[in-house]
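First, the structure itself, so that you have it in front of you.
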Amino acid sequence: MHYFEYREGHLYCESVPIREIIEKTKTPVYVYSYRTLERHYQVFDRAFKKIPHLICYSCKANSNIAVMSIFRNLGGGADIVSGGELYRALKANIPADKIVYSGVGKTDEELKSAINANILMINIESEGELDAIARISSRLKREVRVSIRVNPQIDPKTHPYITTGLKKNKFGIIWEDALRLYKKMKNHKYLKPVGISSHIGSQILELSPFLDAVRSLKDMLHELKSLGLEIKYFDIGGGLGITYKDEKAPHPEEYGDVIINEIKDLDVTLILEPGRVIVGNSGILVTKVLYIKEVPGKMFLIVDAAMNDLIRPSLYSAYHEIAPIIDKRDFKRKKVDIVGPICESGDFFAKDRLLPEVDAGEFIALYSAGAYGFSMSSNYNSRPRPPEVLVKDDKFFVIRKRETKMDLIKGESIPDFLRV
Ligand code: LLP
């Protein structure tokens with residue numbers, strides 16, 4: 001459920017008409033619903049209430065510090081994958097002991113900041129990384145809590161670009177190596193193996209891959225216990241899918257039940273790293289139709305948003321529901337391609353989509369844009385990135401301003417020899 005709906009013919013986010021927002025911000029603009037974000041977090045949280053757990057929101061999905069603050073206020077932590085995300089998490093006042101850090105290519109600099117911040121745990125993804133953490137923590141003379149991200153070699157049956165738990169993927173450490181590395185850390189002065197983790201992919205619509213991964217982690221946990229290691233955190237990553245079109249996504253409660261049933265007798269705290277399931281359907285991207293262009297056999301709606309603002313259709317052929325912000329559900333439909341102004345044929349939001357007739361100057365909304373929307377945006381074609389707005393009840397707040405032309409060249413300079 002979300003809070004975007006037509007009222008008297010106009011699209012509202014909670015109690016604010018979208019029209020009112022775009023009068024102020026212009027388009028394109030991302031609009032997020034506070035109540036939806038809150039509700040999605042709470043539903044997910046409640047699904048695990050029977051067991052000790054911590055929700056580390058995967059902030060790569062939407063890393064605006066206002067959005068992160070919502071989950072902080074609801075008791076959540078963060079799953080980060082870079083020094084930049086650590087910075088954001090701390091700026092959002094997320095307690096360090098609720099931050100977990102994954103990623104295959106952590107630099108010395110990044111590891112140092114994570115160790116100094118004393119985060120809950122670093123999920124190690126290779127032996128080289130383990131050695132780097134050992135070296136840095138010894139130099140800093142600081143203990144560091146770690147876990148190994150195990151690659152359970154499970155097919156989550158999702159898009160190949162977002163599968164992460166297969167043998168051929170760059171993520172995690174295969175079983176045999178993981179065991180060896182845990183043994184290697186056992187008596188280390190500064191490395192404290194306190195957890196075990198995995199993340200098998202994203203937009204997963206079946207429960208069985210999660211179940212397989214949990215069982216595999218459980219086997220590993222027993223092995224580690226028999227080695228005398230005290231593993232307190234059982235991190236199963238994120239990945240639960242959502243409905244973009246007509247997919248049947250499992251309800252968080254079903255997901256919760258399946259997992260609780262597997263791990264309820266283990267003496268551990270479950271860590272979850274949901275991203276998309278919390279923020280995906282909490283946001284829309286609103287864009288203006290600039291031109292309607294017809295060529296034989298094709299009609300294009302050229303809009304003022306582009307692949308630099310929302311890259312998912314171009315990158316993954318992802319489907320996003322699209323509809324005018326005026327209720328035209330009863331209007332005649334036409335097949336159109338919805339495209340942006342960027343000089344690439346890959347710059348499209350939808351192809352051969354049946355859409356009610358709209359005129360140039362009208363506004364349309366792209367749904368399910370709250371996850372991996374703004375966070376994957378860029379400045380390609382020197383397009384300033386759009387603003388982000390958070391709506392709560394009958395108020396709205398600009399939580400990120402539209403970038404300016406000055407922002408586009410920030411940090412650039414012309415060497416003297418090129419000056420005229
Ligand atoms: N934990 C780790 C270690 C991850 O790598 C990810 C996502 C998550 C948690 C959160 O997964 P989620 O709950 O959002 O599925 N850009 C792609 C998705 C990439 C996901 C990368 N990792 C997209 O737009 O579909």
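The values are calculated or read from the model by the stated rules, or taken from the named source; none is laboratory data. Since the model is a prediction, treat every value here as computed from it, not as a measurement. Ideal geometry is used to build each Cβ from the backbone, glycine not excepted, and the neighbour counts take in all protein chains shown. Ligands, DNA and RNA are excluded from the accessible area calculation, which covers all protein heavy atoms including side chains. Shrake-Rupley method; radii C 1.70, N 1.55, O 1.52, S 1.80 Å.
Can you tell me the length gained on complete extension of the stretch R142 to D246, counting 0.36 nm per residue apart and subtracting the Cα distance?
Taking R142 through D246 to full extension adds about 32.5 nm, to one decimal.
Calculated FRET efficiency, K410 and N93, Cβ-Cβ r, R0 22 Å, to nearest 0.05?
So, using R0 = 22 Å, E works out to roughly 0.25.
Follow-up. Could you list the residues of the stretch 176-207 with an amide nitrogen less than 19 Å from a label point located 7 Å from the Cα of D155 in the Cα-to-C-beta direction?
199-207
Can you spot the lysines whose alpha carbon is less than 24 Å from K184's alpha carbon? Ignore those fewer than 8 places along the same chain.
Hits, sequence-local ones excluded: K106, K112, K141, K167, K170, K192, K218, K225, K232.
Still on this structure: Calculated FRET efficiency, F397 and I51, Cβ-Cβ r, R0 30 Å, to nearest 0.05?
In this case the efficiency is close to 0.30.
Now for a different question. Once you put a point 7 Å from the Cα of Y291 and another 7 Å from the Cα of L418, both along the Cβ direction, what distance in nm separates them?
Using points 7 Å along Cα→Cβ, the separation is 3.1 nm.
Hey, what do the phi angles of the stretch 329-340 turn into as Karplus ³J(HN,Hα) couplings, whole Hz, using 6.51/-1.76/1.60 and θ = phi - 60°, x for Gly and Pro?
4, 8, 7, 5, 9, 10, 7, 9, 9, 9, 10, x
Per residue, how many Å² of accessible area does the chain show with a 1.4 Å probe?
Spelled out: the 1.4 Å probe surface of the chain, per residue, equals 46 Å².
Then there is this: Averaged over every viewing direction, what's the projected area of the C-alpha convex hull for the chain? Give it in nm², one decimal, please.
Mean shadow area of the hull around the Cα atoms is 23.8 nm².
Using only Cα atoms, tell me the angle between helix 208-226 and the longest principal axis of the chain; keep it within 0 to 90° and round to the nearest 10.
Tilt of helix 208-226: around 20 degrees.
Residue separation times 0.36 nm, minus the C-alpha to C-alpha distance between A360 and K26: what's the value?
118.7 nm
Computed from the mean reciprocal separation of all distinct C-alpha pairs, what Kirkwood hydrodynamic radius does the stretch 95-274 have, in Å?
16.6 Å
What's the magnitude of the charge dipole for the chain around its Cα centre, counting Lys and Arg as +1 and Asp and Glu as -1 at the beta-carbon? Answer in Debye, nearest 20.
760 debye
Spelling out what I want: for every residue of the stretch 275-282, take phi, set θ = phi - 60°, compute 6.51 cos²θ - 1.76 cosθ + 1.60 (Karplus), and round to whole Hz; glycine and proline get x.
These are the phi-based 3J(HN,Hα) values: x, 3, 5, 8, 9, x, 8, 9 Hz.
Just want to confirm a number: the relative contact order over the chain, from Cα pairs under 8 angstrom separated by 6+ residues, in percent.
Over the chain, the number comes to 19 percent.
Something else now. Taking the stretch 235-318, which trypsin sites (Lys or Arg not before Pro) meet the DSSP loop condition and have no more than 13 other C-beta atoms within 10 Å?
Passing sites in the stretch 235-318 are K245, K248, K264.
For N261, project a label point 7 Å along Cα to C-beta. Then give me every residue of the stretch 184-211 with its amide nitrogen under 12 Å of that point.
Only 207-208, 211 fall inside the zone, counting backbone N under 12 Å.
Taking θ as phi - 60°, what are the ³J(HN,Hα) couplings along the stretch 82-91 by the Karplus curve (6.51, -1.76, 1.60), each to the nearest whole Hz, with x for Gly and Pro?
So the J values, rounded to whole Hz, are 6, x, x, 6, 4, 4, 4, 4, 5, 5.
So for each of 119-125, 221-227, 51-57, 337-343 I average, over its residues, the number of other beta carbons within 10 Å; can you give me the resulting order with the highest mean first?
Sorting 119-125, 221-227, 51-57, 337-343 by mean packing, highest first, produces 119-125, 51-57, 337-343, 221-227.
In terms of modelled amide H atoms, which long-range or inter-chain residues lie less than 5 Å from the amide H of G77?
Close amide H contacts, sequence-distant or interchain: I55, C56, Y57.
Pairs of alpha-carbon atoms within less than 8 angstrom and 6+ residues apart define the contacts here; what relative contact order does the stretch 1-148 have, in percent?
The normalised contact order for the stretch 1-148 reaches 14 percent.
In the chain, what percentage of the DSSP-assigned beta bridges are antiparallel, given to the nearest 5?
Close to 50 percent.
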